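Right, one structure below, let's go through it.
The values are calculated or read from the model by the stated rules, or taken from the named source; none is laboratory data. Remember, predicted model here, so these are calculated numbers, not experimental data. Neighbour counts run over all protein chains shown; Cβ positions are idealised from the backbone, glycine included.
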Ligand SMILES: C[S@@+](CC[C@H](N)C(=O)[O-])C[C@H]1O[C@@H](n2cnc3c(N)ncnc32)[C@H](O)[C@@H]1O
């Protein structure tokens, strides 16, 4: 078994042992350890949340005083401490639903979206980046000044343009690949701190 495969298995096993719905949970855990995207008492919006690994981590990090909401096209089994809606993040009215739930702006928006991959890399990359632009439309309406965000990005020809786009909105943008992310996958995470509002 190759090292990357062994690592993938190791995170899957850990997720199972620790009761997380996905290996992805460890990506957010690691990102938060390095960048403190979410802190206690934070209001957190999780876009593309199914099956719910990130949501579970967000609930833990935000604690009793925090509030977490997830949005996904797919059904997500209930997660104690989180409110989940089944919607497309590309729907115009979703931002209103989000503000209706939180009743104020949120402190962090976390986006781990993937389209249904077709196998045609250029198409999948373009669609994934387009989903991230849709997330920024919601983010612009719901993220509080000085808030944080994270975006998964399928790295490719449109990544740089997206990076420049978010750079204008935040004090600091870091690009990283957590250990729990498969080495051979093209995904990167853009961690954005200090929303200009
Ligand atoms: C990699 S999964 C997210 C994993 C999640 N962060 C976790 O830890 O369990 C990507 C998700 O994006 C969702 N997605 C894709 N397009 C979407 C859209 N337009 N609106 C809402 N969710 C979408 C998919 O349904 C899928 O569940």
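Data table
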| item | result |
| --- | --- |
| Any hit, the stretch 5-14, residues being closer than 20 Å to residue 185 by Cα, part of a helix (DSSP H, G or I), within 12 Å of the ligand (Cβ to nearest atom) and at pLDDT below 95 | yes |
| Of all residues making up the stretch 103-122, the number that are modelled with pLDDT of 95 or more and more than 10 Å from the ligand (Cβ to nearest atom) | 7 |
| Which listed residue is over 20 Å from residue 134 (Cα atoms), free of Cβ contacts under 8 Å to residues at least 40 places away in the same chain and more than 9 Å from the ligand (Cβ to nearest atom), from 81, 100 | 81 |
| Residue ID - farthest from residue 36 (Cα to Cα), chosen from residues in the stretch 104-116 that are in contact with a strand residue (DSSP E or B) (Cβ under 9 Å, 6 or more places away or on another chain) and exposed (fewer than 15 other Cβ atoms within 10 Å of the Cβ) | 114 |
| Condition check for residue 132: on the phi < 0 side of the Ramachandran plot, modelled with pLDDT of 95 or more and not in a strand (DSSP E or B) | yes |
| Residues located in the stretch 166-181, provided they are surrounded by 14 or more Cβ atoms within 10 Å (Cβ to Cβ) and assigned to a helix (DSSP H, G or I) | 166 |
| Index of the failed condition, residue 74 passing every other in (1) within 9 Å of the ligand (Cβ to nearest atom); (2) buried (at least 20 other Cβ atoms within 10 Å of the Cβ) | (2) |
| The lone exception for residue 148 - which of (1) touching a residue at least 40 places away in the same chain (Cβ under 8 Å); (2) in a strand (DSSP E or B); (3) more than 15 Å from the chain's Cα centre (by Cα) it fails | (3) |
